[in-house]
Amino acid sequence: MTENLFLSPALNAVIESLRMKPRILAFDFDGTLAPIAASPADVTISQKLLHLLEKLVEDKNTVTAIVSGRTLADLERMIGIHSIIYYGNHGMTSSLEGFGASREQLIKWTYEASKIHEKISCLESIYKGCIIENKGPVLSVHYRKVDNASVGELLATVRNTAIEFDVDIQNGKLVTELKPKTNITKGTALSEIAAKKFSEWTKGDPFLFAGDDNTDEDGFRVMKNFGKNSFSFKIGDGETSANYRLFDGEIEKLIEMIV
Ligand SMILES: [Mg+2]
């Protein structure tokens, strides 16, 4: 049972730890910093949170990272703060040279994904409301707006396509993704940041990671390797390996308390 941070007797101790520096603060984007919207293009982050992120990056002893399933270009456009470390495609792409997958891998995977995209783009007209997002090495099939009765059939088609093209399926909140077979996850992204010792961060120093979806669980599991001041937060309900749970708006409250 993962308890809500703000109802936990450990609240003050956690806040105190996360105020120490150097520290790494890493966040998922959709459903964590920005509320989920009907379509991924409609998502926006609040001015208040943007302002808090700006304050975090001004501090040279705070390493701030966004680790998301979106593309890097999308993240940079939506957040627009230059000195944040951005990871896109669940850890495959990074704003930092030499992080994430290699350039060769990305070129190969992006080419393969474009072939799959050609094959499945017709699903958008077959299933009304289906949105297929080409994110380079990953394809996202959003079915938030698809009629419930058709979702099963749509997902079966996507699964068969994954088998045909020998790629993996990854499920998120009303989205299923086709992605290359790779060990790269949000967890490997967090490990890369930790290993780099930015701002002289070392194991045992504070490390926060917050996320809301299945792919964030890879991150939550890896967080257990970073010592006694690492804390992971699951936004919302559902089974999780995170240390604590946060509900709507509480991530903002938490950041405000540690900024
Ligand atoms: Mg998310």
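Values as computed for the structure displayed
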item	result
Any hit, the range 22-29, residues being within 16 Å of the ligand (Cβ to nearest atom), at pLDDT below 95, within 22 Å of LYS145 (Cβ to Cβ) and of a type outside the set (A, V, I, L, M)	no
Qualifying strands (runs of 3 or more DSSP E) (wholly inside the range 109-178; at least 1 residues being crowded, with 18+ Cβ neighbours inside 10 Å and modelled with pLDDT under 95)	168-172
Failed item, numbered, when ASN183 is tested on (1) under 18 Å from the mean Cα position of the chain (by Cα); (2) part of a helix (DSSP H, G or I)	(2)
Elements of type strands (runs of 3 or more DSSP E) contained in the range 9-95, each with 3 or more residues being β-branched (Val, Ile, Thr)	62-67
Of the criteria (1) surrounded by fewer than 23 Cβ atoms within 10 Å (Cβ to Cβ); (2) in contact (Cβ under 8 Å) with a residue 24 or more places away in the chain, which one MET223 fails	(1)
Residue check for ASP30: within 22 Å of the chain's Cα centre (by Cα), among the acidic types (Asp, Glu) and not assigned by TED's automatic domain parsing to the domain that holds GLN170	yes
Search result, residues across the range 179-191 that are surrounded by fewer than 23 Cβ atoms within 10 Å (Cβ to Cβ) and within 15 Å of the ligand (Cβ to nearest atom)	THR185
Sole residue being within 19 Å of LYS224 (Cβ to Cβ) and hydroxyl-bearing (Ser, Thr, Tyr), chosen from SER199, SER191	SER191
Scan of the range 33-61 for residues that are within 15 Å of the ligand (Cβ to nearest atom), among the aliphatic types (A, V, I, L, M), touching a helix residue (DSSP H, G or I) at 6+ places or on another chain (Cβ under 9 Å) and without any contact (Cβ under 8 Å) to a residue 40 or more places away in the chain, ordered by number	VAL43, ILE45
Some residue of the range 229-244 being away from the ligand (no atom under 12 Å from the Cβ) and of a type in the set (Lys, Arg)	no
Residue tally, condition in contact (Cβ under 8 Å) with a residue 60 or more places away in the chain and of a type in the set (A, V, I, L, M), over the range 97-131	4
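The values are calculated or read from the model by the stated rules, or taken from the named source; none is laboratory data. From a predicted model like this one, the values you see are computed outputs, not experimental measurements. All Cβ positions, glycine included, derive from the backbone under ideal geometry; neighbour counts span all protein chains shown.
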